[in-house]
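The numbers here are math on the coordinates, done by the rules we state, and not lab data. Please read these numbers as outputs of a predicted model, since none were measured by experiment. Quick reminder, even Gly has a Cβ in these numbers, built from the backbone with ideal geometry, and neighbours come from all protein chains shown.
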């Protein structure tokens, strides 16, 4: 069953899908002639060429540091499309981040600003992780990864969310509706001195972007931390003071793939599950592993695409993502 879908992606999938399947599941050497040919096809794709045009002369991508049209969003998309970090334009982007060449073109960023380069910052760390190439310029990333892993470890000692957050009082933060708000998900607000004290899905994305940190010890740490997090499920949306944006939402991981409320977020949910499976041993976390089993069951019975497809995600991309999830969760392929 798995081979059938692998063969279909390798024969009819876009260059990005073929490349990532060969690299991540089949273990192909990225410097082989075949993989270099695929890499060139990826670079010549319409989507990648459009993104590369957004790079400034100083190496910076997009309008600012954070957002879909800014540095972290563009670099993450390039990586998701299979663009390797060894390219000179990718390393120029890393140098631009390390030298803080952010043009601050977005009004909101000019107003809010970002911490200095040496201070842990989620969007900056995501970029550095995506651009890792085991070089001299990766020392800061490694320090940031150590900080993040320490936070995962500390989170295992949280016995109640009352220790780190409070219930919101204003109507805006007690709503149970919205474009991405599950009706059974509550809201909380971090205490000012407890911000980032609880792992969020964005932290999983950062660790999943580069697995250089991963070994038996750290995998055990992240697995135990996420097992502890699962004990709070469904995890509330935790807002950052002064309550400008939601932080720490686990909606895409907490609820069944059969849930109609989240059907339109199939692509987002599959991405979050892939990150989770890369970061920890999901087999040891029943709350999350039950959804992986769901994906495997409906892949085998042939109903997966029917149950997950939306106007925004193709059947082939669903199989592509699910095969990666199963690979990282159980190494079954």
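Bridges between two residues of the chain, per DSSP, are antiparallel at a rate of about 65%.
Modelled spin-label separation between residue 28 and residue 220, with each label point placed 7 Å from Cα along the Cα-to-Cβ direction: 3.7 nm.
Helix-derived [θ] at 222 nm for the chain: sum -39500 (n - 2.57) over DSSP H runs of at least 4, divide by residue count, nearest 500?
-14500 deg cm²/dmol
Net length available on complete extension from residue 310 to residue 69 is 84.4 nm, with 0.36 nm assigned per residue and the Cα-Cα distance removed.
Spatially, the stretch 263-284 and the stretch 136-153 are offset by 22 Å when compared through their Cα centroids. Among beta bridges identified by DSSP and lying wholly in the stretch 161-333, the antiparallel ones come to about 60 percent. For a paramagnetic label modelled on residue 142 (point 7 Å from Cα along Cα→Cβ), amide N atoms under 20 Å away belong, within the stretch 191-217, to 206-217. Does anything in the stretch 33-72 have its amide N under 16 Å from the 7 Å Cα→Cβ label point of residue 104, and if so which residues? Of the residues in the stretch 33-72, 63-66 have backbone N under 16 Å from the label point off residue 104. With a Förster radius of 25 Å, plug the Cβ-Cβ distance of residue 267 and residue 153 into 1/(1 + (r/R0)^6) and report the FRET value to the nearest 0.05. That pair, residue 267 with residue 153, gives E of 0.20. Computing FRET efficiency as 1/(1 + (r/R0)^6) for residue 170 and residue 8, where r is the C-beta to C-beta distance and R0 is 51 Å, gives about 0.50. Ordering 278, 53 from the fewest to the most neighbouring beta carbons within 10 Å gives 53, 278.
The GNM of the chain, with springs linking C-alpha atoms under 10 angstrom apart, assigns the highest mean-square fluctuation among 90, 125, 35 to 35.
For the stretch 161-333, the square roots of the Cα gyration tensor eigenvalues, ordered a ≥ b ≥ c, give a/c of at least 1.5 with a/b no greater than b/c, which places it in the oblate category.
With a simple spin-label model that places each label point 7 Å from the Cα along the Cα-to-Cβ direction, the separation between residue 258 and residue 118 comes to 5.5 nm.
If R₀ is 41 angstrom, what is the calculated FRET efficiency for the pair residue 37 and residue 195, using the beta carbon separation as r and rounding to 0.05? Calculated transfer efficiency: 0.30.
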